[in-house]
Amino acid sequence: MARKSVLTGGDMKDAIDSPPADRPVEAEGFANRKLIRPSLNRADHNHAQTPMGEQRERPDRPERGDRHGGGRKTAPAEQTNAENFYYQKQMQSKTPMVIVLGDGEEIHGMIEWYDKSCIKVNRNGQSNLLIYKPAIKYMYKEGENSRK
């Protein structure tokens, strides 16, 4: 089945009749290689120092970067609730407290109630006070020394 080429005027062979193109031997040999990794058990790697039968079992280490099972470290909690725990403890035990305000004024009393922005202080023989938390410099139990 020979056809005439329009450009050259010569005979053209069919693609079926043509032999396959030669490939370089190096590329073919490299492409057929497979990476084989042997499966290694920890029991197969006994050292000479440990006698037979006395194998130390050690849990497999996580992959690098996968220390906590999730890949990325989790962000720390926004609130530790330590402040709330402290107020609850002082309220339940009715601890006499000294609250020092930003201007140095000291208020003596027991914490009766608190919320996100203020605390209510019960005072003996005087009116109760509602104190905004940003106005508080520090506080301590009345029996302890002040931090002046």
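Any read-out appearing in this document is the output of simple, stated calculations on the displayed coordinates, not a laboratory observation. Note that the structure is predicted; figures quoted are calculated from it, not measured. Positions of Cβ are generated from backbone atoms using ideal geometry, with glycine treated the same way; all protein chains shown enter the neighbour counts.
Relative to the present Cα-Cα distance, how much length would full extension add between Gln92 and Lys73 at 0.36 nm per residue of separation? Walk me through the numbers on the way to the answer.
Numbers: separation 19, 0.36 × 19 = 6.84 nm, distance 3.70 nm.
Result: 3.1 nm gained on full extension.
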Handout entry: Vicinal HN-Hα couplings computed from phi for segment 113-120 (Karplus, 6.51 cos²θ - 1.76 cosθ + 1.60; Hz; Gly/Pro x)
Key = 7, 8, 8, 5, 10, 8, 10, 10
Handout entry: Residue-by-residue Karplus 3J(HN,Hα) for segment 75-88, coefficients 6.51, -1.76, 1.60, Hz, glycine and proline x
Key = 5, x, 5, 5, 10, 8, 6, 5, 5, 4, 4, 4, 4, 4
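Stretch Ser39-Cys118 to full length: gain in nm at 0.36 nm per residue minus the Cα-Cα span? The partial results should precede the final answer.
Details: separation 79, 0.36 × 79 = 28.44 nm, distance 6.32 nm.
Full extension from Ser39 to Cys118 adds 22.1 nm.
How much net charge surrounds Thr95 when only other residues with a Cβ under 10 Å from its Cβ are counted (Lys, Arg +1; Asp, Glu -1)?
+2
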Exercise for the section: Amide H neighbours of Glu142 under 5 Å, at least 5 residues apart or on other chains, H built in the peptide plane: list them. Expected result: Met97, Val98
Handout entry: Hz values of 3J(HN,Hα) by residue in segment 93-110 - Karplus curve (6.51, -1.76, 1.60), Gly and Pro given as x
Key = 8, 6, 6, x, 10, 10, 10, 9, 8, x, 8, x, 5, 9, 10, 9, x, 10
Practice task
Taking H placed 1.01 Å from N in the peptide plane, check which residues at least 5 places from Cys118 or on another chain put their amide H under 5 Å from its amide H.
Solution key: Lys133
Fill in the blank from the handout: Length-normalised contact order of segment 97-148, Cα under 8 Å, at least 6 apart, in percent, tallies to 36 percent
